[in-house]
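Novice: One structure, as structure tokens, below. Some questions next.
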């Protein structure tokens, strides 16, 4: 049986605002446009940098001079393509095409283009932009063209491919916490097979899907949009991408919102520990809500409720439950089915129903939730986000803990998360079997960039508040906004204080007080 350990290390970032769940479950709150009549004045480019299409290197001039051939692609959207070099060290070599989608500003008082990224890494940004009516509130929709792109290796932008659908099904379905030597050996073999599949099916593309390269693609996109400075909204992993852009092109930073921030300085062990604690906090908040609501089928206390869920997963690991059709609910699918709804409080009711079914012997509800995580439907996988997230994260940071050393970390992980600790501990070996590394790495402080707004949420399971605090501190111009609440990311989550601070910043250039708590 194949294992899903490679995915466990990065599950938190994929779900946060990926196409499968994050932006579809947000609620659009009504609001009036801010800032009075007319478009506000914007930051202007630095004269020393030339105009919008001036390339940072003469060899890149053909890319920076290109004009996007937008075409109507239905639904009120325009689509296009952007050419970028496969390898920025060889700009005259192979070229790849990135898929773009644009939603025009709803009024004549257009401010400019707002480039958006939903995170992952691996989520198609074009689908994020296509869901703009649900993701963003009306003040931003009125004044910005919302532009999404599928980052290299994802969506329609020369997507990385590693497994067949059947192989990926087995990969996701497997127990994420092996507990015998034979199962551990299968984990190692499965990871090796995954990365060999990436090499075999995707070739050189696997070596060129790094965050640094995507950030360089973003600057080519900025130029093609005719913007002297980029305005950007990145969620979850999209915050790491935005921070990387700010490091590489600080003079081109306009108004940047990094929502649900990632600590770009943290290593594998620290990230996994913090995320384990984040999911434990979110799970206990969910169970607390159930208990406080009365007649909670999970138990009469938070500890009882969490124990009920943990026991269910343990039982499923021994004996899978019937799901839908000929599919079963396995330990891996149960894990994803439980954590997926923790990303948004509005999904807690769905988790109630799915758990009730599972406790009665029917795994179909949790299976449906896991499929939503995986961008899977009856016809198979709708995109390559599960494969891309592993390829991108392991290229950015190929470090891992060998399988025989993972158990030495059990105590600290189970202290951080009694429920999910071992799952995240096994995630430490997620990149075992990957060969390669990024052609370029950067240390990030964003020196010279205009003020960058960084947000965090107190009970965010995927990118806990401590990460937002860390990123805001690391960026020289970082400004932190805290949201007290549940779920992943802060904007358009029902907190008017956060929403108005972000909209005033993007529309009027009003920088909130650093450390604003909402």
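Where a number appears in this text, it was derived from the coordinates with a stated rule and is not lab data. Note that the coordinates shown come from a computational prediction; the quantities given were computed from them, not determined experimentally. Backbone-built Cβ (ideal geometry, glycine too); neighbour counts: all protein chains shown.
Novice: Mean residue ellipticity at 222 nm from the helices of the chain, using -39,500 (n - 2.57) per DSSP H segment of n ≥ 4 over the full residue count, to the nearest 500 deg cm²/dmol?
Specialist: Rounded to the nearest 500, the figure is -12000 deg cm²/dmol.
Novice: Now, a different point. Divide, for region 139-190, the radius of gyration over alpha carbons by 2.2 N^0.38 Å, where N is the residue count. Mind showing how you got there, number by number?
Specialist: Details: Rg = 19.2 Å, N = 52, 2.2 N^0.38 = 9.9 Å.
Normalised by 2.2 N^0.38 Å, the Cα Rg of region 139-190 equals 1.95.
Novice: For region 102-247, what log10 I(q)/I(0) values come out of the Debye formula at q = 0.08, 0.10, 0.17, 0.20 1/Å, with one point per alpha carbon and no solvent?
Specialist: Calculated log10 I(q)/I(0) at the listed q: -0.31, -0.46, -0.97, -1.17.
Novice: So what is the relative contact order for region 368-437, in percent, with contacts set as C-alpha pairs under 8 Å and at least six apart? Intermediate values should be presented prior to the final figure.
Specialist: Numbers: 54 pairs, mean separation 23.1, N = 70.
RCO, region 368-437: 33 percent.
Novice: Once the piece of chain linking residue 164 and residue 511 is laid out straight, how much longer is it, given 0.36 nm per residue of separation minus the C-alpha distance between them? Can you show the working numbers first?
Specialist: Details: separation 347, 0.36 × 347 = 124.92 nm, distance 4.75 nm.
That pair, residue 164 and residue 511, stretches by 120.2 nm at full extension.
Novice: Which value, in Å³ per residue, describes the convex hull spanned by the Cα atoms of region 337-485?
Specialist: About 178 Å³ per residue, rounded to a whole number.
Novice: How large is the direction-averaged shadow of the alpha-carbon convex hull of region 214-365, in nm²?
Specialist: Numbers: hull surface 49.3 nm².
If you wrap the Cα atoms of region 214-365 in a convex hull and average its projections, you get 12.3 nm².
Novice: Along its three principal axes, how long is region 446-500 when you only count alpha carbons? Whole Å, largest extent first please.
Specialist: 33, 23, 12
Novice: Could you tell me what fraction of 2.2 N^0.38 Å the Cα radius of gyration of region 172-256 comes to, as a two-decimal ratio? Please list the in-between numbers first.
Specialist: Details: Rg = 19.1 Å, N = 85, 2.2 N^0.38 = 11.9 Å.
Ratio of Cα Rg to 2.2 N^0.38 Å: 1.60.
Novice: Pull up the DSSP beta bridges for the chain and report the antiparallel fraction as a percent, rounded to 5. Don't skip to the end; give the middle numbers.
Specialist: Details: 18 of 45 bridges.
Rounded to the nearest five, the antiparallel share is 40 percent.
Novice: Follow-up question, since we're still on this one. Using the count of nearby Cβ atoms within 10 Å as a rough guide to exposure, how do 162, 518, 73 rank from fewest to most? Please list the in-between numbers first.
Specialist: Working: 162 25, 518 18, 73 14.
Starting with the residue having the fewest Cβ neighbours, the order is 73, 518, 162.
Novice: Still on this model: Please order 406, 184 by the number of other Cβ within 10 Å, starting at the fewest.
Specialist: Working: 406 23, 184 19.
The most exposed by this proxy come first: 184, 406.
Novice: Quick check: Cα centre of region 238-305 to Cα centre of region 129-186, how many Å?
Specialist: With region 238-305 and region 129-186 each reduced to a Cα centre, they are spaced 17 Å.
Novice: Okay, next question. In what order do 409, 143 fall by count of nearby beta-carbon atoms within 10 Å, going from fewest to most? Mind showing how you got there, number by number?
Specialist: Numbers: 409 19, 143 24.
By the 10 Å Cβ count, ascending: 409, 143.
Novice: If I histogram all Cα-Cα distances within region 416-516 using bins 10 Å wide from 0, what percent of pairs lands in each bin?
Specialist: Pair shares across the bins are 14, 33, 29, 20, 5.
Novice: Per residue, what volume in Å³ does the Cα convex hull of the chain take up? Write down the numbers at each step before the final one.
Specialist: Working: hull volume 69.4 nm³, N = 518.
Taking the convex hull of the Cα positions in the chain, it is 134 Å³ per residue.
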